[in-house]
1. Please specify each residue of the range 147-198 satisfying the condition of being more than 30 Å from ALA29 (Cβ to Cβ), loosely packed, with under 14 Cβ neighbours inside 10 Å and within 20 Å of the chain's Cα centre (by Cα).
2. Those residues that are touching a strand residue (DSSP E or B) at 6+ places or on another chain (Cβ under 9 Å) and small (Gly, Ala, Ser), I need them from the range 34-60; list them, please.
3. Would you please list the contacts, defined by Cβ atoms under 8 Å and residues six or more apart or on different chains, that run from a residue in the range 185-197 that is under 18 Å from ASP221 (Cβ atoms) and modelled with pLDDT of 90 or more to a residue that is open to solvent by 100 Å² or more (accessible area, probe 1.4 Å) and outside any loop (DSSP other than H, G, I, E, B)?
4. Name every residue in the range 20-56 that is open to solvent by 50 Å² or more (accessible area, probe 1.4 Å), more than 30 Å from LYS305 (Cβ to Cβ), of a type outside the set (Gly, Ala, Ser) and in a loop (DSSP other than H, G, I, E, B), in order of residue number.
5. For VAL128, indicate whether it is open to solvent by less than 40 Å² (accessible area, probe 1.4 Å) and part of a loop (DSSP other than H, G, I, E, B).
6. Collect the residues in the range 98-114 that are open to solvent by 10 Å² or more (accessible area, probe 1.4 Å) and touching a residue at least 12 places away in the same chain (Cβ under 8 Å), keeping them in residue-number order.
7. For the range 214-272, what are the residues that are under 15 Å from SER292 (Cβ atoms) and either small (Gly, Ala, Ser) or assigned to a loop (DSSP other than H, G, I, E, B) (or both)?
8. What's the total number of residues in the range 131-144 that are closer than 21 Å to PRO199 by Cα, touching a Gly at 6+ places or on another chain (Cβ under 8 Å) and open to solvent by 10 Å² or more (accessible area, probe 1.4 Å)?
Amino acid sequence: MDSLTQIVLGIGVAHLCLNKKISRKKTIALGAIVGTLPDLDSYIGKLFNDPLTEIEIHRGFSHSIIFFLLLSILITVLVKRWFREISAKQLYITTFLVLLTHSLLDIFTTWGTQLFWPMPQKIALKSVFVVDVFYTVPLLMGVVLGLKNQRKLFTYAGLFLSSVYLIWGLVAQNIIKNKAVGDFENQYAEKVQNITAKPTFSNSFLWNVIIETSNGFYLSDRSILEEHKMNFDYFPRNEELIQDFSDKNINRLKEISENQYIITKNENGLVFNDLRFGLLKNDPNDLQFAFSYQLIPTKKGYRIKELPKDKRDGLMLLKNIWERITNQ
């Protein structure tokens, strides 16, 4: 989730775990700082100057239980002198839970986390967008009231309401999947091999749907509130364009995209498009996905360069999402 949400969650968990002997300033500082530490991996990834390494590092080891167990020891040793009012054990448990809840929340997003590192799989439920005010606002209100009034009941209430929203996201996701499969099977003879449904920006009402078949992918969107049949846009995988390539970087891209990709061409050559985060522009003459990579041939294989995104396209996408939600 976004940094603000993780800061609020960290402060909330710290408030619930620490007793009243600890001042509000110390509670806020510990929760906010520790709650954002796992995401520093994104800055470490940038040091490699390689978009693939940056993606592979993010939400990997730094979001794992093993890392949290070790980092909590280090933090406890470093800050114990400022938390003399509580035991080292309580400080350690608080720090660990702030870190753990950060990763548990990220599991609900499309990126997911490598919680059980060194196992390579990232757990991703894909049921909440990385920025969602419907999750953040109740949590923020509860934490603010809880700290202001020195009553944990408010913080518990905020955490409860935001957690209910996460559960609702899973329910809505399952509803959307069932409706999408039904609409698809009524329109096409192809068999659904896999289906992914993920929410659009900051809401759990409008969902993007990816249906994979043996021939390619069918993309659409579906609101939880509407009943009419879905229309699908078909995108062939175009695997034949790269099937002869055993390039390491292409295989890394396939793994990163969870094999939800298509290959297209532009004026500079081949483009690898990660489908998981949807389309920015669905123009046959100017097709652009949220994450696309130029495949640049070199003597040693293919160099990968992420294609830049135009902020105007992002704003237009948000406008279209809002119109889809409000005009059903």
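1. Selection gives ILE167, VAL171, ASN174, ASN194.
2. Correct list: GLY60 only.
3. Final answer for the pair search is VAL192/GLU185.
4. If the condition is that a residue be open to solvent by 50 Å² or more (accessible area, probe 1.4 Å), more than 30 Å from LYS305 (Cβ to Cβ), of a type outside the set (Gly, Ala, Ser) and in a loop (DSSP other than H, G, I, E, B), then LYS20, LYS21 are the ones that fit.
5. Yes, satisfied.
6. The answer is LEU100, THR101, ILE107, PHE108, THR110, TRP111, GLN114.
7. Once the filter is applied, which keeps residues that are under 15 Å from SER292 (Cβ atoms) and either small (Gly, Ala, Ser) or assigned to a loop (DSSP other than H, G, I, E, B) (or both), the range 214-272 yields ARG237, ASN238, ILE242, SER257, GLN260, GLU267, ASN268, GLY269.
8. So the answer is 1.
The values are calculated or read from the model by the stated rules, or taken from the named source; none is laboratory data. As the structure is a computational prediction, the values presented were derived from the model and not from experiment. A quick note on method: Cβ atoms are made from the backbone with ideal geometry, for glycine too, and the neighbour counts reach across all protein chains shown. Each accessible area value is taken on the protein alone, full model and side chains, heavy atoms only, with ligands, DNA and RNA left out. Shrake-Rupley method; radii C 1.70, N 1.55, O 1.52, S 1.80 Å.
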